[in-house]
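First the structure, in the form of structure tokens, and then the observations on it.
Coordinate-derived values only; no laboratory data. What you see is a predicted model, and the numbers here were worked out from it, not measured in a lab. All Cβ positions, glycine included, derive from the backbone under ideal geometry; neighbour counts span all protein chains shown.
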Amino acid sequence: MAELASRRSSHSQVRGQRGHTSPLGAERIGSALLAAGEVTQAQLDWALGVQRRTGSRLGAILVAAGMVTRLALYRTLAAQWEIPFVDVTTVPLGLSTWPHLDVEVLARDLWVPISKRADGTVVVATAQEPTPARHAAIEAQLGRPAVMRATTDWDVDYALRHLFRFRLLDAASHGLWRNDRERSARTVLTREQAAAFGICLLVLVGGVLAAPRIALAAASATVACAFMAAVLFKFFVCLVGAYHETFVQVTEAELDALSESELPVYTILVPCYREAAVLPDLMRHLAALDYPPEKLDILLLLEEDDQETRAAAIAARPPSNVKMVTVPRGDPQTKPKACNVGLVFARGEYLVIYDAEDQPDPDQLKRAIAAFKKAGPELVCVQAPLNYFNAQENALTRMFTLEYSFWFDYMLPGLSALRLPIPLGGTSNHFRTDELRLLGGWDPFNVTEDADLGIRAAALGKRVGVVNSTTFEEANNAYRNFVRQRSRWIKGYVQTTLVHLRHPWELVRSVGWRQAGGFALLIAGTPISFLAMPPLYVLMVVSLFLPPSVLSAMYPPWVLWTSLASFLLGNALMVYVSMMGVFKRRRHRLVLWALLNPLYWLLHAVAAYKALGQLVLRPHYWEKTEHGLTAFQSSLPPR
């Protein structure tokens with residue numbers, strides 16, 4: 001009932017994407033709306049001027065500008081198409097009796113079977129003109145005669161979500177697993193992996209029992225070397241990123257060269273769960289995007305049990321191109337599952353994910369389109385760098401900003417320059433929508449679905465890039481909230497490692513040794529480096545207080561020196577790259593805060609050990625990060 005209320009409200013308040021009038025029929029629909037008193041002559045003249053400039057449909061322009069309601073537009077279209085209009089909310093909708101129909105195709109083609117008559121004829125609601133060819137194609141898909149009724153595009157989506165509820169839920173939750181089980185994190189460990197881990201554990205226990213000194217020395221040296229390898233890899237990649245700065249650079253001239261008439265429909269997915277506090281800011285930031293509003297397909301993905309966020313969204317009176325999509329309740333309740341539901345109803349040629357607290361550069365969508373055109377068809381995704389508007393709030397937000405600055409401004413460009421797999425961030429990922437569907441969407445069982453998708457794209461021979469546009473977010477300012485967030489991220493990195501190393505030789509064959517090595521050092525090396533920090537700290541502290549004779553009895557000197565060098569050099573390198581990022585962003589006040597990076601990594605270590613526990617006990621649990629905790633206003637900081 002809540003969705004029905006918000007949908008009815010949307011007809012009077014909220015603009016839509018698609019008024020289905022062709023340029024040739026613009027005068028006809030415009031005259032009909034004028035004759036019905038729905039628009040004035042001045043409004044019609046203005047809309048026709050916008051149509052000449054942007055190439056958009058006249059109905060979409062009028063609805064997007066708030067001059068005509070969606071209901072009025074489609075009732076007028078129904079009269080022109082000479083078929084009755086139907087409000088699908090007044091029609092009893094059971095579950096689907098059409099197992100052979102593809103929900104995604106129905107959503108794309110904007111029609112839905114809503115009832116069946118006693119004589120076998122099917123009543124079909126359509127938001128596209130039922131030309132003879134279209135009518136025949138619909139009957140061919142149904143396998144029986146159809147009688148056509150007109151409805152709105154949003155009502156088609158509404159009916160599809162109700163008629164095909166369980167199929168939508170199953171596809172969003174298990175689609176990737178059914179199509180390619182080897183790339184799904186639903187299974188934590190395969191039999192082969194479990195056997196390999198068991199053998200390693202037996203060898204370790206046997207070594208400790210047989211030769212404890214040698215086993216302790218070997219374990220310490222392995223931890224130190226693994227930590228150093230992961231840090232050196234990140235340092236080298238950051239230097240490459242600093243040298244090349246390989247964003248897909250979009251110049252102002254290239255932006256100006258984009259014609260509004262050539263801009264395609266762009267889908268924006270905004271998954272929201274318990275985000276009532278940030279909804280007003282979200283609506284303001286979406287409204288600030290520099291893009292023709294009638295070409296924006298904004299889907300606010302709301303969980304079925306989250307009535308508070310839905311109420312806040314309605315109260316915020318969202319921009320007229322925002323549609324609320326209810327995500328069916330069911331496990332796993334994760335962000336990627338919600339995004340998979342949104343992907344079914346996405347109508348844009350391009351698609352981007354934004355989090356509810358995001359503040360993207362207003363021209364980011366245009367920059368992404370220019371980047372795709374510039375890079376060619378092999379590029380399937382571009383990541384916009386992330387940074388924070390509340391960097392100066394406390395010590396944690398400062399460290400967060402240091403980390404994100406080097407990661408997005410140097411690490412990702414370095415990976416791009418080296419043609420290594422790029423783990424995507426959780427937001428501001430811009431996709432070619434058709435390519436995203438070919439990749440299988442997101443893995444709802446992987447709690448860092450973004451990183452997994454970037455690696456999966458590379459494994460399938462696709463390319464991911466970075467575009468020179470920033471999205472500002474709210475940095476985590478609470479330590480417990482930070483640990484919850486990072487434990488989920490680290491758990492997801494371990495999941496991604498386990499998934500993509502199920503068949504290591506197949507990975508090497510598909511992407512080559514260099515990319516496979518880069519994947520192992522980054523995705524596997526990141527949690528390993530965090531897990532290695534406490535043992536290295538303990539070893540360093542112990543070495544300061546124990547007599548040399550006792551130390552030499554416990555460890556060979558080379559192990560002590562290796563561990564000490566790894567600890568000191570590794571932390572020094574990470575302090576250095578943290579300083580690099582804020583120099584580029586000209587946030588010079590944060591430079592000395594980089595000296596606290598060793599303590600910041602200890603906080604990551606706490607999250608890493610929590611992540612290991614959750615991987616065993618609750619592998620698919622999505623630990624929610626709370627937003628809206630900052631007292632800072634989300635105004636644009638200096639770029």
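Values computed for the structure shown
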{"read-out": "Sorted peptide list for 555-563, 446-454, 413-421, criterion being average Cβ within 10 angstrom, highest first", "value": "446-454, 413-421, 555-563"}
{"read-out": "Cross-link partners of K366 among aspartates and glutamates (Cα-Cα below 18 Å; sequence separation of 8 or more within a chain)", "value": "E252, E254, D256, E260, E262, D290, E294, D297, E349, D358"}
{"read-out": "J(HN,Hα) series, region 601-613, from Karplus relation 6.51 cos²θ - 1.76 cosθ + 1.60, nearest Hz, glycine and proline x", "value": "5, 5, 4, 5, 5, 4, 5, 5, 6, 5, 4, 4, x"}
{"read-out": "Cα-based reach from K335 at 20 Å (exclusive), listing lysines while leaving out same-chain residues under 8 positions away", "value": "K323, K491, K624"}
{"read-out": "The chain: Cα Rg divided by the 2.2 N^0.38 Å rule of thumb", "value": "1.07"}
{"read-out": "Set of aspartates and glutamates with alpha-carbon distance to K234 below 18 Å, sequence-local pairs under 8 removed", "value": "E245, E403, D409"}
{"read-out": "Unit charges on C-beta of K, R, D, E only; dipole of the chain, Debye", "value": "1060"}
{"read-out": "Sorted by Cβ density within 10 Å, fewest first, the residues L424, L402, L258", "value": "L258, L424, L402"}
{"read-out": "Cα-based radius of gyration of region 520-639 once divided by 2.2 N^0.38 Å, which approximates compact folds", "value": "1.39"}
{"read-out": "Cut-off under 5 Å, modelled amide H: who pairs with V467 long-range", "value": "V248, Q383, A384"}
{"read-out": "Residue-averaged 222 nm ellipticity for the chain, from DSSP H runs of 4+ at -39500 (n - 2.57), nearest 500", "value": "-17000 deg cm²/dmol"}
{"read-out": "Order of D434, D153 - criterion: other Cβ atoms within 10 Å of each residue's Cβ, fewest first", "value": "D434, D153"}
{"read-out": "Region 404-552 - charge dipole about Cα centre, Lys and Arg +1 at Cβ, Asp and Glu -1, debye rounded to 20", "value": "260"}
{"read-out": "Long-range HN-HN contacts of V147 with modeled amide H, under 5 Å", "value": "V122, V123, V124"}
{"read-out": "N446 long-range amide H proximity, modeled H, under 5 Å", "value": "A185"}
{"read-out": "Over the chain, relative contact order from alpha-carbon pairs under 8 Å, at least 6 apart, %", "value": "17"}
{"read-out": "q = 0.11, 0.12, 0.26 Å⁻¹: log10 I(q)/I(0) that the Debye formula gives for region 88-163, counting C-alpha atoms only", "value": "-0.22, -0.27, -1.49"}
